[in-house]
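> My questions will all concern the structure given below.
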Amino acid sequence: MKATTLLLLLSFALPALAQRTPSIGIATGPENDSLVTVAGYSGITLSAGKWLSPREVSDAQFQQNLVLLAALRTPVYAFNLFLPGDLKVVGPQVDETAVLAYADALMARVAQTDARLIVWGSGGSRRLPDGFERQTAVNQFTTIASKIADLAQKHDLTVVLENLNTSECNFITSVAEALDIVRRVNHPHLRLNADIYHMLKDSEGPEILLQTQKYLYHVEIAEKENRTAPGVEGTDFRPYLRALRQIRYRRMIGIEGRWETLAEVAAPAKTYLAGQIAEVY
């Protein structure tokens, strides 16, 4: 009787314990589904432009893509590369009607997949022209982000605003800046994505993460020098993971990095990051 009771308690306790730590995903293509499944990843992030773009992907091809994605053993968790670079959201050449039409059409396609998350980096789209007034850009971005959040709500999706780094973009290049925009918009369908690689690249410390609890919805990660997968350079992510633990972050941490052959890094990267998460959490 005691043994039976213990087993029953464990059957309830183990799933709860498993959810105390973030899951680990990876940005890669469907061709690597077997690799990431065997390595134990929980989700895949795909390029929205490549798989869903209303500009680049015909309706017929999109239907074929839906079949392919639905058959993956590791589910598609999110889409990134949200807006093309020519669809400016700040500066003197913003065509809001075109931006929102594209976003609406793309989200309608995302909504037909199992993913419910769109990562909004899109550095080309939000790059400021030289000399453009930053506060004007903040106001522009806040206005259009509010309307994109409304579209996300319409399609039952969440858009997460990503911090980039100053070598890739010149606007919203820190978690602090991204958090400011998300707070300004104050919409449940626009949340925050903290990219630890970009934070490391620009020496943004983990302390800012302690202010994100209400807004943080997704985290991405890679090593600082060459955007390598966790473990290649031996980066210590634990200071950032400790901050995430303090705010009780339990959602996905997605590896988004560079590698020559995913087969060489998929399993070691998962093991390395999972080890640091387990140590901290």
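The values are calculated or read from the model by the stated rules, or taken from the named source; none is laboratory data. On a predicted model such as this, the values are computed, not experimentally measured, just so you know. For neighbour counting, all protein chains shown are included, and Cβ atoms are generated from backbone atoms with ideal geometry for every residue, glycine included.
> I need a count of the residues in segment 232-260 that are buried (at least 20 other Cβ atoms within 10 Å of the Cβ) and either of a type in the set (G, A, S) or within 21 Å of A115 (Cβ to Cβ) (or both).
Within segment 232-260, the subset buried (at least 20 other Cβ atoms within 10 Å of the Cβ) is 232, 235, 237, 240-241, 243-244, 249, 252-257.
From what is left, the residues that are either of a type in the set (G, A, S) or within 21 Å of A115 (Cβ to Cβ) (or both) are 243, 249, 252-257.
Selection size over segment 232-260: 8.
> Counting just the residues of segment 163-194 that are among the basic types (K, R) and in a helix (DSSP H, G or I), which one comes out surrounded by the most Cβ atoms within 10 Å (Cβ to Cβ)?
Initially, segment 163-194 is screened for residues among the basic types (K, R), giving 183-184, 191.
So of that shortlist, the ones also in a helix (DSSP H, G or I) come out as 183-184.
On the way: R183: 14, R184: 16.
The extreme case among them is R184.
> Looking only at segment 84-114, count how many residues are part of a loop (DSSP other than H, G, I, E, B) and either without any contact (Cβ under 8 Å) to a residue 12 or more places away in the chain or on the phi > 0 side of the Ramachandran plot (or both). Break it down stepwise before answering.
Within segment 84-114, the subset part of a loop (DSSP other than H, G, I, E, B) is 84-95, 111-114.
From the residues that got through so far, the ones that are either without any contact (Cβ under 8 Å) to a residue 12 or more places away in the chain or on the phi > 0 side of the Ramachandran plot (or both) too are 91, 93, 95.
Going through segment 84-114 one residue at a time, the tally reaches 3.
> Considering Y217, Y240, Y197, Y249, which residue is assigned to a helix (DSSP H, G or I), under 15 Å from the mean Cα position of the chain (by Cα) and of a type in the set (S, T, Y)?
On the way: Y217 fails: assigned to a helix (DSSP H, G or I); Y240 fails: under 15 Å from the mean Cα position of the chain (by Cα); Y249 fails: assigned to a helix (DSSP H, G or I).
Going through Y217, Y240, Y197, Y249 in turn, just one is assigned to a helix (DSSP H, G or I), under 15 Å from the mean Cα position of the chain (by Cα) and of a type in the set (S, T, Y): Y197.
> Same structure, new question: For L273, are the conditions met, namely being touching a strand residue (DSSP E or B) at 6+ places or on another chain (Cβ under 7 Å), under 27 Å from E31 (Cβ atoms) and either in a helix (DSSP H, G or I) or modelled with pLDDT of 95 or more (or both)?
In short, yes.
> Separate question: Name every residue in segment 67-83 that is closer than 18 Å to L190 by Cβ and assigned to a loop (DSSP other than H, G, I, E, B), in order of residue number.
L81, F82, L83
> Within segment 187-209, does at least one residue satisfy the condition of being closer than 24 Å to M107 by Cα and in contact with a Lys or Arg (Cβ under 8 Å, 6 or more places away or on another chain)?
Here is the first cut: in segment 187-209, the residues closer than 24 Å to M107 by Cα are 187-195.
Now restrict to residues that are in contact with a Lys or Arg (Cβ under 8 Å, 6 or more places away or on another chain): none.
Looking through segment 187-209, none of the residues is closer than 24 Å to M107 by Cα and in contact with a Lys or Arg (Cβ under 8 Å, 6 or more places away or on another chain).
> Right, something else. Can you tell which of T173, T235 is out of contact with any Gly (no Cβ under 8 Å at 6 or more places or on another chain) and more than 26 Å from G40 (Cβ to Cβ)? Please lay out each step first, then the result.
Working: T235 fails: more than 26 Å from G40 (Cβ to Cβ).
Exactly one of T173, T235 is out of contact with any Gly (no Cβ under 8 Å at 6 or more places or on another chain) and more than 26 Å from G40 (Cβ to Cβ), namely T173.
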